[in-house]
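The values are calculated or read from the model by the stated rules, or taken from the named source; none is laboratory data. What you see is a predicted model, and the numbers here were worked out from it, not measured in a lab. Note that we place each Cβ from the backbone using ideal geometry, even for glycine, and neighbour counts take in every protein chain shown.
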Amino acid sequence: MTIIAENPIKAVAAPSQVQQKVIDSLNRRHRKENLFRRLGLTAVLISLGLVAVLFINIFSKGLPAFWQSAVTLDIYFDPQIIKIPPMPQQRDDESDNDFRQRHIEWQTEIGFVNFNRLITDSLQKVLPDANKHRRDLARVVTSGERFALRDMVVADPSIIGQTRTLHLLTDANIDVWLKGNIDRSLPDEQQQLSAKMREWVDKLSADGVIQNRFSLALFMNPDSRSSLASAGLAGAFMGSFYMMLVVILLAVPMGVAAAIYLEEFAPRNKITDLVEVNINNLAAVPSIVFGLLGASVLIGWFNLPMSAPIVGGLVLSLMTLPTVIIATRSTLKAIPPSIRQAALGLGASKMQAIFHHVLPLAIPGILTGAILGVAQALGETAPLLLIGMKSFVASIPASPFEQASALPVQIYLWQGNELRNFFEARTSAAIIVLLLMMISLNGLAIWLRKKYEKRW
Amino acid sequence: MSNSAPVKISASDVKVFYGDNQALHGISMDVYQHEVISFIGPSGCGKSTFLRCMNRMNDTIDQCRVTGSILLDGRDIHEPALDVVQLRAQVGMVFQKPNPFPKSIYENIAYGPKLHGLAERKADLDDIVESSLRRAGLWNEVKDRLDQPGTGLSGGQQQRLCIARSIAVSPEVILMDEPCSALDPIATSIIEELIDELKQNFTIVIVTHNMQQAARVSDRTAFFHLGNLIEIGNTNDVFTNPQQKRTEDYITGRYG
Ligand SMILES: Nc1ncnc2c1ncn2[C@@H]1O[C@H](COP(=O)(O)OP(=O)(O)OP(=O)(O)O)[C@@H](O)[C@H]1O
Ligand SMILES: [Mg+2]
């Protein structure tokens with residue numbers, strides 16, 4: 001009692017000074033926290049804004065590519081022009097192979113038919129002065145459409161002699177002209193279309209013969225150089241699809257198995273340390289190096305075909321492998337050891353403990369890692385350039401061993417096409433398709449994670 | 001009682017090394033059938049390590065090396081012909097932190113019996129699940145929600161679930177490593193009662209930091225210090241009349 005009474009002021013003053021210091025430091029802390037929160041929010045907003053700009057830009061450029069100028073014509077399948085023998089029928093004494101041979105010969109014969117004549121003939125009906133400008137006339141419809149006509153005849157020869165109303169894609173330059181993607185006031189010598197052509201096109205468009213129609217050409221056709229208007233993504237899409245298949249079948253199971261072994265079974269020693277370091281190194285290797293490896297080893301030594309999705313898939317698998325291993329290992333590490341102990345304590349073998357208890361808990365993480373790895377591989381371009389997948393391929397690959405391109409490479413190729421006015425939209429459209437594939441892969445990852453997520 | 005009962009586990013000169021670091025310096029002791037023996041001693045003295053020797057859980061730790069012999073019913077648990085799976089079915093373990101599988105209550109109990117093929121039919125399995133839960137005193141609390149996750153139970157219930165899980169494979173010995181350290185006094189006393197009942201059928205080795213608990217539940221007590229077994233004897237004797245100075249110091253709270 002006496003001590004407090006002796007020095008009452010000091011007893012009260014001391015804590016209040018301390019309080020004051022705490023309050024001061026609190027204010028400082030709050031200011032810092034606020035600043036940090038605002039910084040974080042700004043960073044999020046900026047990145048969201050950039051993503052929005054990217055999407056708006058790409059969609060506004062790319063969506064018009066799904067609608068293309070098409071001319072509506074009554075095509076008369078003139079028997080005078082399509083002079084071919086009747087479609088061969090299989091004889092009883094004929095082997096399947098012989099018949100197929102005859103059928104191919106028949107198709108070749110159809111290939112000699114001048115289907116362009118069918119188109120120009122029917123164009124003449126809508127363009128009275130057509131005969132004086134036959135060269136222009138042949139250029140109205142894009143050259144790829146004659147194959148569509150041929151395919152119709154092959155599929156059903158009875159069409160010969162009949163008339164069909166068809167929507168045929170116009171030449172790419174007409175599409176550019178009608179969409180206003182070229183300055184109409186440019187002088188003649190700088191225009192891609194002749195004056196006559198421009199006059200025709202405007203007239204046909206005014207008459208409603210040429211319309212902007214939704215076209216699946218972009219999805220259904222392979223790339224093309226002779227008929228730019230019908231150049232499509234199908235070949236590149238299938239190429240990417242086969243590569244994804246190879247990656248999913250190779251990199252994912254191998255990566256998961258390697259990760260389980262390294263994490264759960266391998267003894268900890270110098271060798272496993274070395275392996276671990278090298279896996280991390282592998283993840284950091286620039287992707288183009290994998291392309292070099294693919295070119296020299298897979299194509300050079302193992303004589304795998306150039307430009308084939310199988311090679312691309314193998315190279316991308318190699319690239320994805322470390323990603324899958326690292327993701328799987330970190331997932332396995334995060335599973336509480338108490339679960340393993342519980343199983344082992346009950347008499348489960350190590351293998352059983354892992355397969356019954358650890359893996360089920362790790363599946364969402366493993367799947368997420370795997371899918372993100374696959375998505376990364378899907379967007380990879382550089383290694384594909386080195387194994388020849390940048391070459392122009394005008395067919396849709398029927399197997400992973402045939403020549404193909406890939407979506408990101410197709411984007412790169414179209415981006416460099418001379419007919420910028422036409423291919424700018426198509427490039428963006430290809431990007432849209434690639435982005436949609438990525439988004440659906442990532443969506444799948446999120447969905448799987450939600451589905452298998454369990455608490456412990 | 002301890003003198004008349006047969007020896008269940010007999011350890012002699014057990015040494016354990018973690019890498020270069022020796023954790024146990026030659027422990028020898030006998031554990032008798034159907035007794036409760038508790039291990040006490042300051043933190044880090046090797047109680048858990050010795051407990052894990054008895055069902056070879058130390059095998060799962062990298063760099064851990066065990067020497068000496070441990071006989072279960074007279075048979076060396078390290079002999080090559082003995083499968084560790086069989087050993088662990090005989091010597092079950094309950095851990096410090098309740099660790100139910102993130103599966104249903106039913107699955108938690110049924111896992112062990114399924115693993116060892118103890119039940120031929122579903123009905124047998126149901127019986128095992130029910131009787132194990134009953135013996136662990138949990139049946140009435142969970143019988144209506146067997147299909148719900150075991151992780152959804154309270155801490156004390158989870159620990160009893162883990163005890164039920166280990167008795168479901170009908171072990172002969174149950175090792176418990178501080179089974180109550182994460183529980184409140186009421187849950188603790190339920191488990192202590194449970195231990196009292198379980199000793200009719202099982203031999204129980206329990207590690208505890210709680211001196212009162214050791215005094216309450218165990219028939220015999222072993223005091224460990226710095227990797228040595230200092231004293232082992234009837235619980236009453238150890239607590240009221242310790243033979244060693246270090247035991248006395250520890251029990252009376254002078255250090256530890
Ligand atoms: N997994 C391990 N790796 C390396 N050393 C270990 C390991 N487990 C235990 N040790 C060491 O062995 C010695 C004994 O540990 P143990 O866990 O058996 O002690 P304890 O008596 O159970 O202690 P506590 O009462 O704190 O649980 C300690 O020095 C500890 O550091
Ligand atoms: Mg311990």
ask   = So B:Thr151 fits all but one of (1) within 16 Å of ligand 1 (Cβ to nearest atom); (2) within 11 Å of chain A (Cβ to nearest Cβ); (3) surrounded by fewer than 22 Cβ atoms within 10 Å (Cβ to Cβ); what number is the exception?
value = (1)
query = If we scan the stretch B:238-250, do we find a residue that is under 20 Å from the mean Cα position of the chain (by Cα), among the hydrophobic types (A, V, I, L, M, F, W, C), within 20 Å of B:Phe50 (Cα to Cα) and away from ligand 1 (no atom under 16 Å from the Cβ)?
reply = no
task = Select from the stretch B:184-233 the residues that are in a loop (DSSP other than H, G, I, E, B) and within 16 Å of ligand 2 (Cβ to nearest atom) and list them in ascending order.
result = B:Thr208, B:His209, B:Asn210, B:Leu226, B:Gly227
message = I'm trying to understand the selection: among the residues of the stretch B:12-69, which are in a loop (DSSP other than H, G, I, E, B), more than 8 Å from ligand 1 (Cβ to nearest atom) and polar (S, T, N, Q)?
response = B:Gln33, B:Asn55
task = Answer yes or no: is there a residue in the stretch A:78-85 that is under 38 Å from the mean Cα position of the chain (by Cα), surrounded by 15 or more Cβ atoms within 10 Å (Cβ to Cβ) and either outside any helix (DSSP H, G or I) or on the phi > 0 side of the Ramachandran plot (or both).
result = no
task = Tell me which residues, restricted to the stretch B:56-72, are more than 15 Å from ligand 2 (Cβ to nearest atom) and farther than 14 Å from B:Ser12 by Cα.
result = B:Arg56, B:Asp59, B:Thr60, B:Asp62, B:Gln63, B:Arg65
task = Restricting attention to helices (runs of 4 or more DSSP H) lying wholly within the stretch A:310-395, give those where 3 or more residues are within 14 Å of another protein chain (Cβ to nearest Cβ) and surrounded by fewer than 21 Cβ atoms within 10 Å (Cβ to Cβ).
result = A:337-345, A:359-378
ask   = Which residues, counting only those in the stretch B:88-100, are facing another protein chain (nearest Cβ under 8 Å) and surrounded by fewer than 24 Cβ atoms within 10 Å (Cβ to Cβ)?
value = B:Ala89, B:Phe95, B:Lys97
request  = Select from the stretch B:174-206 the residues that are hydrophobic (A, V, I, L, M, F, W, C), more than 17 Å from B:Leu133 (Cβ to Cβ), crowded, with 22+ Cβ neighbours inside 10 Å and in contact (Cβ under 8 Å) with a residue 40 or more places away in the chain and list them in ascending order.
outcome  = B:Leu175, B:Met176, B:Ile204, B:Val205, B:Ile206
message = With the requirement that a residue be buried (at least 22 other Cβ atoms within 10 Å of the Cβ) and either within 12 Å of ligand 1 (Cβ to nearest atom) or within 14 Å of chain A (Cβ to nearest Cβ) (or both), what does the stretch B:207-228 give you?
response = B:Val207, B:Thr208, B:Ala222, B:Phe223, B:Phe224
ask   = Of the residues A:Pro286, A:Pro267, which is modelled with pLDDT of 90 or more, out of contact with any helix residue (DSSP H, G or I) (no Cβ under 6 Å at 6 or more places or on another chain) and on the phi < 0 side of the Ramachandran plot?
value = A:Pro286
query = Which one is farthest from B:Asn108 (Cα to Cα) among residues in the stretch B:155-175 that are in contact with a strand residue (DSSP E or B) (Cβ under 8 Å, 6 or more places away or on another chain) and facing another protein chain (nearest Cβ under 10 Å)?
reply = B:Leu175
query = Considering the stretch A:403-415 alone, what residues qualify as being touching a helix residue (DSSP H, G or I) at 6+ places or on another chain (Cβ under 8 Å) and in a loop (DSSP other than H, G, I, E, B)?
reply = A:Ala404, A:Ser405, A:Ala406
inquiry  = Which numbered condition in (1) within 15 Å of ligand 1 (Cβ to nearest atom); (2) over 25 Å from B:Ala214 (Cα atoms); (3) away from chain A (no Cβ under 14 Å) is the only one that B:Glu79 fails?
reply    = (1)
